[in-house]
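Working notes for the structure below.
The values are calculated or read from the model by the stated rules, or taken from the named source; none is laboratory data. Remember, predicted model here, so these are calculated numbers, not experimental data. Cβ atoms come from the backbone with ideal geometry, glycine included; neighbour counts cover every protein chain shown. With ligands, DNA and RNA removed, areas are computed over all heavy atoms of the protein, side chains included. Shrake-Rupley method; radii C 1.70, N 1.55, O 1.52, S 1.80 Å.
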Amino acid sequence: MSPAAQSHGFLSPSGAEVAFVLVGLVTFGAAIVTVTTRQIVHAALWLVVALGGIAVEYLLLTAEFIAWVQVLIYVGSVVVLLLFGLLLTKAPIGRSPDADSGNRWAALLVAAASAAVLVWVVVDAFRATWIDLDGPAAGSAAVTGASLFRHWVLPFEALSVLLLAALVGAIALSRRQPPAAAAGSRAPDAAQEGGR
Amino acid sequence: MHLVFPAVLSMLLFCAGVYGVLARRNAILVLMAVELMLNAVNLNLVAFDVWLRDRLHSGQALTLFTIAVAAAEIGIGLAIVLMVYRGRGTSDVDRLRDTAEPGPGDQDAADGPADAPGTPAHRTEAHRTEASA
Amino acid sequence: MTTTTLAALVPLLPFLGAGAGLLLGRTAPGYARPLAVVPTLAATVCAVLVAARQGGGRPVDAATELTPTGSVPIDLALHLDGFAVLVAVLVGLVATCVQIYSTGYLRDDPRYPSYAALVSLFTSAMLLVVYSGDLMVLLVGWEVMGICSYFLVGHYWETPEARAASLKAFLVTKLGDVPFLIGLFALAADAGSFRITTVLGTAAGGGLGHPTLIALLLLAGVAGKSAQFPLHTWLPDAMAGPTPVSALIHAATMVAAGVYFVARLLPVFAASAAALVVLAVLAAVTMTGSALAALAQDDIKRVLAYSTVGQLGYMTGALAVGDRAAAVFHLLAHGAFKALLFLAAGVVIHAAGTNSLAAMARMRNLRERVPDAYWTMTVALLALAAIPPFSGFFSKEAVLGAAERAATGHPAPVPADGSGLPSDPGIAGVPTSAGWIVLIAGLLTALLTAAYATRLWLLAFRGRVGDAPDHDGQPVAMNAVLWVLAIPSLAFGLATGVLPDWLGGSGLTPVLTTSVLGTGVSLAGGLIAYGAWRHTTALAARVPLGAVAAERDADAGWVEAEAIAAHTPVYGGVAAADDPADPGRLLLGPLHRHAAVGFHLDALYAALFVAPVRAAARLVRFLDREVVETYVHGAGALPRLLGAAVRRAQTGNVQTYLSALLAGSAVLAIVVLVATAGA
């Protein structure tokens, strides 16, 4: 149990807690809209809101470096990538009635059940646990950098290899097929269409 | 700050992601839901790192790694979705059912041939897209 | 090289030749002929050397125990007495002749390599039986012969006759082999050993607990193998195999194995007077019945087959009166002239293009076409009819003489041989009734034998009407061996003076009473047949009959296969032809119809055994199909239902799978939580 537990009551929230809960509500709402909206491009935009909300939560948890990384990578690049993906697969703009599969009720059930279980467990476990945010900064760039390059150098370098591999793999996968292979793969199609 | 707040938020986000993964039809929407789940985990990691005051900051380091891996994942995932879309003219998850068991009296078997006539139309569309790009 | 080593080589060489032939037959067909002939020839030479060295003296015994086999040990043992070495020489000689003959007979047959290898394997098995000093090792050779016989009879497996005949031969001989095996075990249990010397010693000392039971059990196997009365029906049908196979297996060697076996273990049989009487009755029924049947057959090879059955009856008759020297003497003489008869019949069938005597009776110039076969066959038929001075006369005479001595109660004095050969203790105990049975049946059969031999000769070589088909001549290999085999048929009678050295009996020289009697009935039989033929032969011109496979270049085996396949469609049956010119028809009168089909024994067996077995099989089939299957289907229904349900879950939709997975994890988590919270 944290030593700060004595000074904070559950019914007397601090300012940070109020802000966290409010931003959390916004984030959760955005996430819900992301996974339920029928307009596919809107889903991507609501995802921006949700990810940005998480970045704010990081800030409130004093992990500022990660918050900026979150904004840079997720909001800046991942969402843009997703939007490009939507464009390339010719996702319909506007309401598309078939955005959800026939599995949605089962999905809702499973999600609700797991949410209930997880929230119950977490609340049950950490009912009386407080985070002490007043200590030395735990997530500043300096601290994170020192830790990363002192203790986590090897995984960090391995990660760079992984990223390189992902880069090459993504290029290899999305590259247009060479003419010979393309002809080979298209010939049966032509035959099928000719036969039809 | 009460630890329950970030933890519960993380769980709720995760379950929203679960719902998205299970319910969405478009593969890119599924990928978005996966991102939500990953972020929920990240939030959990950060919250517990801050609570435990870990000397190595393993929670935050892992968060960074997760973000990097997630970026790689989204790149590869999108490339695969694109390839599937080019090959089959659709990126709907519930129509990629090649591993289904074709059985007598199975309705999916009857669906299979019904799908087939639509496929070349999608395919020519895809080719046109590539040509214009 | 010691005699033992030489003797071990004798069965080993053809065995190795068979193995090499089977291995190389496909890849190097050029080696098939040398691999068939050379090992058999070498084995024959070795057998002759062994016989010369043994010289009728003390039996050579050698044994080595390979591995302990429980209570009754099984040894790899050799027991070389006078019988063994002489029979081995006969087997080697006939096998060599047959192998040489086959190179010409099956000249163009694509299956020749496997055929030759099987003949070699068969030869090796027979030699093993002959030399073996241990009953279990003997049984091995005995069964290997059975399976080789099955394969060789079925050599022309394209024809339904050959398929049926091979199955029949196999099943009938196996039917005899089951009691035979039990008898062997009983014998070994009583004697405490499988070694023949020990068994004979026990039998001589009266140590056998159940001599009659053992003897009757063993007799069943002997009857199966040697084609004696109840189990002889396979032999005439086995003529659907190639002629050299008939000569080797079904005339000279395999069928002789049963007789040889009884000769070896005669003291065991002689210990039971009942067994001897049974043996005598069997022999009498066999020889008279088969001689009658032979008189009615139309297929030349079936005539010879029934004649084989009859001559084997003589041998068992000799054994029934306790004279194994006479039996083995007749075995040797008969082996030579019957092999000659079959091989010459093969030549005749090739030249005539048919195996039907009725068709041959309508060919004028067959004897000019095949002079070698004509002369040698004449010699062999004279030997078969027991006309002096041919070999058959002396051997049959020895049998009749032994029967006469037994009948009159004056058995030949047992030679006091200090050679360790078990003396013939049984002779004193031979029942007089057995002697009379064998003597009367033997004389009757001598009459019939002479009649059917004459009929065969007249129909085959004194035909009248048309020309024989224009075939290529037979290869030299086929004609040469006929003359080789003609020598013993002519001159084996001279051996009566020497043979007792080997066989340990006396009494092989002809006795006046039975000689005159036997020769008289033989001549009478021949004259009767000739008279009948004179009477009927004019009819041959009036009734045209017969079909001929005329194919200029075909090898003899092919012609024979075609003739066998054509016999039933042309003549309406495998055995008889509806030919009024047949003297046999006149001689037998109303009996002809029954004799032609072997006195309906096959039909009787079909009604007694085949039909019930088929009915039982139908019942089992019904039970299996309708009753057992129902339960099986019932047991399968629930899993099938579950499978269908699970199958429906395999939709291929990843989201469904994932939903199920996560739902399952949620349920597990709840269960764990509830369990821990409750605990």
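Of note:
- Residue check, residue A:30 within 16 Å of residue B:10 (Cβ to Cβ) and touching a residue at least 60 places away in the same chain (Cβ under 8 Å): no
- When region B:18-49 is limited to residues that are facing chain A (nearest Cβ under 7 Å) and within 9 Å of the chain's Cα centre (by Cα), the one that is nearest to residue A:73 (Cα to Cα) turns out to be B:35.
- Across region B:50-73, the qualifying residues are those that are within 21 Å of residue A:61 (Cα to Cα) and more than 7 Å from chain A (Cβ to nearest Cβ), and the one among them that is surrounded by the most Cβ atoms within 10 Å (Cβ to Cβ) is B:59.
- Test: residue C:218 is closer than 21 Å to residue C:144 by Cα and open to solvent by less than 10 Å² (accessible area, probe 1.4 Å): yes
- Of all residues making up region A:37-75, the number that are touching a strand residue (DSSP E or B) at 6+ places or on another chain (Cβ under 8 Å) and polar (S, T, N, Q): 1
- Among the residues of region A:73-96, the one identified as open to solvent by 40 Å² or more (accessible area, probe 1.4 Å) and hydroxyl-bearing (Ser, Thr, Tyr) is A:77.
- Checked against the criteria, residue C:560 counts as among the acidic types (Asp, Glu), closer than 25 Å to residue C:452 by Cα, at pLDDT below 85 and assigned by TED's automatic domain parsing to the domain that holds residue C:477.
- Test result for residue C:642, of a type outside the set (Ser, Thr, Tyr) and open to solvent by less than 50 Å² (accessible area, probe 1.4 Å): no
- Flag for residue C:598 being open to solvent by less than 70 Å² (accessible area, probe 1.4 Å) and either in a loop (DSSP other than H, G, I, E, B) or touching a residue at least 12 places away in the same chain (Cβ under 8 Å) (or both): yes
- Residue A:46 being more than 7 Å from chain B (Cβ to nearest Cβ), aromatic (Phe, Trp, Tyr) and surrounded by fewer than 15 Cβ atoms within 10 Å (Cβ to Cβ): no
- Output for region A:122-142, where each listed residue is more than 7 Å from every other protein chain (Cβ to nearest Cβ) and among the hydrophobic types (A, V, I, L, M, F, W, C): A:125, A:128, A:137, A:141, A:142
- For the condition in a loop (DSSP other than H, G, I, E, B), in contact (Cβ under 8 Å) with a residue 24 or more places away in the chain and more than 29 Å from residue C:503 (Cβ to Cβ), residue C:107 qualifies.
- So residue A:158, is it more than 7 Å from chain B (Cβ to nearest Cβ) and assigned to a loop (DSSP other than H, G, I, E, B): no
- Within region C:268-281, the set of residues being open to solvent by 10 Å² or more (accessible area, probe 1.4 Å) and part of a helix (DSSP H, G or I) comprises C:270, C:273, C:274, C:277, C:278, C:281.
- Scanning region C:603-652 for residues that are of a type in the set (S, T, N, Q) and in contact with a Lys or Arg (Cβ under 7 Å, 6 or more places away or on another chain) turns up just one, C:651.
- Residue A:107 within 7 Å of chain B (Cβ to nearest Cβ) and either buried (at least 18 other Cβ atoms within 10 Å of the Cβ) or assigned to a loop (DSSP other than H, G, I, E, B) (or both): yes
- Candidates C:353, C:322: the one that is touching a Pro at 6+ places or on another chain (Cβ under 6 Å) and at positive phi is C:353.
- Scanning region B:74-97 for residues that are of a type in the set (A, V, I, L, M, F, W, C) and more than 8 Å from every other protein chain (Cβ to nearest Cβ) returns a single hit, B:84.
- Any hit, region C:15-22, residues being outside any helix (DSSP H, G or I), in contact (Cβ under 8 Å) with a residue 24 or more places away in the chain and open to solvent by 40 Å² or more (accessible area, probe 1.4 Å): no
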